[in-house]
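Have a look at the structure below before the remarks.
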Amino acid sequence: MCWLVVEVASLPPVELKKLRAQQRKAAKRAEQEKQEKLLQQQREQREREQREREQRDPHSHHQKRAHNQQDKEADAPPVDDLQPHKLARVEDPLEQAIKFLQPLQEWASNRIETHLLAFEVYLRKGKPLLMVQSVKRALKVDPDHPQLHSCLIRLHRFLTNGDLLSETVSHPAVAAVLNSETQPLFRDHQEAEQLNKEFLEQNSNSLPHLLQGAKMMCFLNPTRDAEAVSLVTRLSDAHQGVTVQTCIDILKALQKGEFGESGRKEISNFKELCHQRMPHAVDFFSGQQVALTTNHNHAVEESLTNHVSNLTVEDGTN
């Protein structure tokens, strides 16, 4: 032992420092092992006591497990609330729409789509002041947007049908605000038919504007559906905005019956006309063309798959 002490004392400072560090690590490791052993003994003791209690009273054990399971599921939503059809069809769709609308009004007020959406929501809720507010905000963003005309005409019809501009129907303060705010919008309360006529005349070369004007023509007077259909299905070379999306919008309006029976009769002819002008747009394909395109795509996909598989096999053998 004496010779070991003498040898340690004679070590260089660097080696002595390493030795002491090793000793500290060994002592720390021994202490950790001691603590782990003590914790293991405590766990084993608790497990033994738990087994003894279960053997004495098994019913109490099952109740405790059920209680713990209930605690875990306390914060989980009811299973019925997670059904897809219930999530897609809420009981209060307009209230839910407003929850989505309010952040848009705050953070996307520079986009006209926000105010067009707001108008649609408030129209369905029957809120004339908020409808006027939405229209005025949209006018500040893009006064020439074609869909804005649709909002103006429907606002006019909503107010006049309900006689909401009269103080005998609306509260005097509300009627005063509606009158003052809508006077510049409706040009001194001009009739909706006249407003729509002037809109069509001023935008006779723009297909997107003609679409909205034609829709409102049918909205105001359904007997003029044939005239309205002719406005949007001619696709003159003089028209501006003859895009795939605009033509798709016209086709959808015809299919949904927004142009009455005259519009439904014109669907096939309009699709053929659009197909001639835009031969690669799938929306204007006939049923047979869609089937041929689908079969062709499947054949190409299968051919490419087989080709890749063959390349993989050849690469593996080389």
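Throughout, read-outs are computed from the coordinates displayed, never taken from laboratory work. What you see is a predicted model, and the numbers here were worked out from it, not measured in a lab. Don't worry about glycine lacking a Cβ; one is built from the backbone with ideal geometry, like all the others, and counts go over all protein chains shown.
A few remarks follow.
- One chain, two ends: residue 17 and residue 90. Fully extended at 0.36 nm per residue, the span grows by 18.9 nm beyond their Cα-Cα distance.
- Candidate cross-link partners of residue 127 among the lysines, defined by an alpha-carbon separation under 20 Å and a same-chain spacing of 8 or more, comprise 99, 136.
- Across segment 207-295, the volume of the C-alpha convex hull divided among the residues equals 82 Å³ per residue.
- Per-pair calculated FRET efficiency, R0 = 35 Å: residue 201 and residue 102 via Cβ, rounded to 0.05: 0.40
- For residue 158 and residue 226, a Förster radius of 22 Å and the Cβ-Cβ distance give a FRET efficiency of 0.25, rounded to the nearest 0.05.
- Rough spin-label spacing in nm, given labels placed 7 Å along Cα→Cβ, for residue 40 and residue 265: 9.2
- In Hz, Karplus ³J(HN,Hα) per residue of segment 110-125 (6.51, -1.76, 1.60; θ = phi - 60°; x = Gly, Pro): 8, 10, 5, 4, 4, 7, 5, 5, 4, 4, 4, 5, 5, 4, 6, 8
- Whole-Hz ³J(HN,Hα) from phi, Karplus 6.51 cos²θ - 1.76 cosθ + 1.60, for segment 155-171, glycine and proline x: 5, 4, 5, 4, 6, 6, 5, x, 6, 6, 7, 8, 6, 6, 9, 8, 4
- Subtracting the Cα-Cα distance of residue 127 and residue 219 from 0.36 nm times their residue separation leaves 31.1 nm of extension gain.
- Taking every Cα-Cα distance in segment 92-190 and sorting them into 5 Å bins starting at zero, the pair-distance distribution P(r) comes out as 2, 13, 25, 23, 18, 13, 5, 0 percent.
- Relative contact order of segment 104-192, pairs being alpha-carbon contacts under 8 Å that are 6 or more residues apart, as %: 23
- Cα→Cβ-extended label distance, 7 Å offset, between residue 282 and residue 256, nm: 2.2
- Sequence-distant residues sharing a close amide H with residue 206 (under 5 Å, placed H): 240
- With neighbour counts taken as other beta-carbon atoms within 10 Å, the residues 98, 112, 153 rank, fewest first, as 98, 112, 153.
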